[in-house]
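**Student:** The structure that follows is given in the form of structure tokens.
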Amino acid sequence: ISVGKVKRDKNEKVKKVQLVNLINLPNGLNFTSQAIILKRLKNIFKAKKVIIDGNGLGVGLIDELLKSHIDPITGEELIAYDTDHESDELETDKCLFIINAQGINSDIIVNFISMIESKKLQLLEKIDQNEVDYSNNDYMKNELLSFIVTPCGCVRK
């Protein structure tokens, strides 16, 4: 699961996409467990959109995201996601976008390369916390701070 923050200019054009966190789910999770984790993370990061690859196994996850769930850890109700008309639930969050790459693979690759080359996509860098110099008291302004991964796997902001 990639969590990104989109920065836009005054004309609403994408200026930068910052990778905020990258989470690997354990192998063997069923679609219900994956949907609950995804909904939990959407709430934690206050994400506005969820984008799913609708090819292959992504279809099973999409079907599960269209249902409401109860978080087994917190007991919180996690409402169903919706695209435009897919969910049968009364209350939904219209945040789900599905990418079906058939026929547009080359466009996706060209756009991805363009984002990397133009430095619009800002990826996390693995930086050892011990290598960051905090001695000059600029630790709140240090440009490396957003790249430091804490022991819990979260990126310190």
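The values are calculated or read from the model by the stated rules, or taken from the named source; none is laboratory data. Computed from a prediction, not measured in an experiment: that's the story for all the values here. Quick reminder, even Gly has a Cβ in these numbers, built from the backbone with ideal geometry, and neighbours come from all protein chains shown. For accessibility, only protein heavy atoms count, side chains too; no ligands or nucleic acids. Shrake-Rupley method; radii C 1.70, N 1.55, O 1.52, S 1.80 Å.
**Student:** Want the number for L90 to K49: 0.36 nm per residue separation, take away the alpha-carbon distance, what's left?
**Tutor:** Stretched fully, the L90-K49 segment lengthens by 12.8 nm.
**Student:** Hey, can you find the accessible area per residue of segment 57-116 for me, probe 1.4 Å, expressed in square angstrom?
**Tutor:** Heavy-atom accessible area per residue stands at 68 Å².
**Student:** Using 7 Å Cα-to-Cβ label points, what is the N11/I104 separation (nm, one decimal)?
**Tutor:** It works out to 2.2 nm between the two label points.
**Student:** Could you sort out which of K42/K119; K16/K94; K16/K48 sit more than 22 Å apart by Cα distance in this structure? Working shown, then result.
**Tutor:** Numbers: K42/K119 25 Å; K16/K94 24 Å; K16/K48 16 Å.
Cα-Cα > 22 Å for K42/K119; K16/K94; rest within.
**Student:** Could you please tell me the mean projected area of the C-alpha convex hull for segment 9-118, averaged over all directions and given in square nanometres to one decimal?
**Tutor:** 8.9
**Student:** Follow-up question, since we're still on this one. With just the Cα atoms defining each centre, how far is segment 47-104 from segment 1-40? Give it in Å.
**Tutor:** 13
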